[in-house]
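Everything below concerns the one structure shown next.
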Amino acid sequence: MKGADRIHNVQTMLGVFDLAKQQEYIHETEEYILPTLKEARRRFPHQEPAYENIKHMLQSQIELLVAVHKTQGGSVQ
């Protein structure tokens, strides 16, 4: 599943991707992946808990990256 793969990529990109790549990846996640999860949740309501979990994990990881970069004097958004 694309969402689960995206969770792993977001969790492991700090220290691997440069700041510009992280910004691009976060934007892509917010612009395309999260809306896709919302649509999948709507189409497959019996799987709603799984989609909600993936959404929560992605949003939490993005918030963590933003906080880390703020403490380092940078920004990812």
> Using modelled backbone amide H atoms (1.01 Å from N, in-plane), which distant-in-sequence or interchain residues come within less than 5 Å of LEU14's amide H?
Replying inline: none
>> Nearest 10 degrees is fine. How inclined is helix 48-71 to the longest principal axis of the chain, computing both from alpha carbons?
In response: 10 degrees
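Defining a contact as two alpha carbons under 8 Å apart and six or more residues distant in sequence, what relative contact order in percent does the chain show? Before the final figure, lay out each step's value.
On the way: 44 pairs, mean separation 31.2, N = 77.
Relative contact order for the chain comes out at 41 percent.
Loop-only check: which chymotrypsin sites (Phe, Trp or Tyr not before Pro) in the chain are DSSP coil with at most 15 other Cβ within 10 angstrom?
none
Would you work out the charge dipole size for the chain about its Cα centre, treating the Cβ of every Lys and Arg as +1 and the Cβ of every Asp and Glu as -1, and quote it to the nearest 20 debye?
Numbers: 9 positive and 10 negative charges, 39 e Å.
The calculation lands at about 180 debye.
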>> Taking Kirkwood radius over Cα pairs in Å straight from the coordinates, which label in (1) 13.9; (2) 12.9; (3) 13.2 is the correct one?
In response: (2)
> Does anyone have the angle between helix 19-28 and the longest principal axis of the chain? Alpha-carbon axes, 0 to 90°, nearest 10?
Replying inline: 20 degrees
>> Given the options GLN61, GLN23, THR36, identify the residue whose Cα lies farthest towards the positive end of the charge dipole of the chain (+1 on Cβ of Lys, Arg; -1 on Cβ of Asp, Glu).
In response: THR36
> What's the angle, to the nearest 10 degrees (0 to 90), between helix 2-12's Cα axis and the longest principal axis of the chain?
Replying inline: 20 degrees
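All of the numbers you see were taken from the coordinates with simple rules; none came from a lab. These numbers come from a predicted model, not from an experiment. Counting neighbours? That spans all protein chains shown, and the Cβs are built from the backbone with ideal geometry, glycine included.
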